[in-house]
Amino acid sequence: MQRLYRKRIVLGVGGGIAAYKSAELVRRLRDHGAEVRVVMTQGGREFITPLTLQALSGHPVHLDLLDPAAEAAMGHIELARWADLVLIAPATADLMARLAQGVADDLLTTLVLATNAPVALAPAMNQAMWADPATQANREQLLARGIRLFGPGSGSQACGDIGMGRMLEAEELARAAADCFETGMLTGKHLLITAGPTQENIDPVRYITNHSSGKMGFALAEAAAEAGARVTLVTGPVFLPTPDRVQRIDVVSARDMLAACEAAMPCDILIAAAAVADYRPEVVAPHKLKKDPSTGDGLLLQMVRNPDILATLAGRADRPFCVGFAAETENLLEYAARKLRDKNLDLIVANDVANPSIGFNSEDNAVSVIDRQQHETRFGQASKGHIARALVAFIAERYKES
Ligand code: PMT
């Protein structure tokens, strides 16, 4: 099971003998589906070569804060924003002390200050160093700041001592990293999520569709599964793998999507991220349409309205908590608020699709959520995975209050 599928992990490697295990850790994280970028401290480089970690991660290793070439490729702030999780393994006593003090004198410590992603440390040190009151005080301080600690474990150590301070094994660390994304906020709830475009046939070889890639809807499905929900994902034609623990139903047209959603009911929360075609050709030609000299250079297609899936489900007696999306190129908030009212929704996510770096088929998104009281909550530009986790947490809160 790929519990870290598409998760972006910055692995920080400190200067301890356990750094040899970091090579295996990179492999395990990737086996679980993560994308890994490695940052090494000067000390880390004394124990394992950057080349080894570059070969295993498939990306150049980040070494120095003040390296113009590396900064031009992916600067430290960009790396800090890229990460879904910063995992430091091994985290030495010195590194823990510097992090506890907020020191930022190398790339790794600077990155920890600059990131909004969760940070986890896998301590690795001699048992006496771990037991020292200074290290224990640093540990308390780091935990109080929300930094997670994986381990250390107990056992025989490289120096010959026996006791606490061993870095956890690679597989244990990979599992602990995956657990960071499990919130349990929606345990026991059924979420129905629509994603992707619909295709409306003109004839057997042509159809009308739009630019939706499904990335936003799939990221929401993944985040909802991580939040503990049972997730049904009804998707139009897209080229994306199914997230773990998600039941996927593939459909083609808007009418198929409505039928699949109705069959999946009841649900507790509906999130409609699909870009559904509002119209379809009234008649689907049974054979490929030929150029017709009698109509000149034009072709007239008579279109009819498709059913509105979201409004239909929001109008049912067993209505779920309804969250819509509004893809707009102008008057974003005004049009989104109107759709919230017209479709009888609890929340609407306003998505500015005029900006090519967010919206359709982009890796990132930036949205505003509007509620029934017209309050707007803004989620700034970040990866669709980030945005999805933030939206699912927000929706879970509002659902509980409803
Ligand atoms: O898939 P990606 O490439 O990642 O892009 C994401 C996205 C831009 C498609 C997504 O974030 C988004 O904004 N989806 C909604 C797009 C849209 O078509 O919005 P709309 O304003 O036409 O529809 C409003 C709401 O009603 C949407 O929740 C839509 O799913 C729903 N709807 C619309 C028409 C219809 N017949 N049935 C519906 O359920």
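The values are calculated or read from the model by the stated rules, or taken from the named source; none is laboratory data. Here the structure is a predicted model, which is why all the values come from computation and not from measurement. Methodologically, a virtual Cβ is constructed for each residue, glycine included, from the backbone with ideal geometry; neighbour enumeration extends over all protein chains shown.
Things to note:
- Evaluation of Asn365 against (1) surrounded by 14 or more Cβ atoms within 10 Å (Cβ to Cβ); (2) not in a strand (DSSP E or B) (one fails), failing number: (2)
- The residues of the stretch 306-352 that are of a type in the set (Lys, Arg) and either near the ligand (Cβ under 8 Å from one of its atoms) or crowded, with 20+ Cβ neighbours inside 10 Å (or both), listed by number, are Lys339, Lys343.
- Boolean, Ala263 is away from the ligand (no atom under 15 Å from the Cβ), of a type in the set (A, V, I, L, M), within 19 Å of Pro320 (Cα to Cα) and without any contact (Cβ under 8 Å) to a residue 24 or more places away in the chain: yes
- Output for the stretch 266-304, where each listed residue is more than 8 Å from the ligand (Cβ to nearest atom), farther than 17 Å from Leu233 by Cα and charged (D, E, K, R): Arg280, Glu282, Lys288, Lys290, Lys291, Asp292, Asp297
- Pick from the stretch 387-397, criterion more than 13 Å from Glu226 (Cβ to Cβ) and buried (at least 23 other Cβ atoms within 10 Å of the Cβ), ranking: farthest from the chain's Cα centre (by Cα): Ile395
- Residue in the stretch 345-353 that is in a loop (DSSP other than H, G, I, E, B), more than 23 Å from His190 (Cβ to Cβ) and at pLDDT below 95 present: yes
- Thr49 satisfies every condition listed in (1) closer than 26 Å to Ala158 by Cα; (2) out of contact with any Pro (no Cβ under 7 Å at 6 or more places or on another chain); (3) touching a residue at least 12 places away in the same chain (Cβ under 8 Å) except (3).
- Neighbours by Cβ (under 7 Å, 6+ apart or cross-chain): first from the stretch 323-337, at pLDDT 95 or above; second among the acidic types (Asp, Glu) and more than 10 Å from the ligand (Cβ to nearest atom): Val323/Asp346
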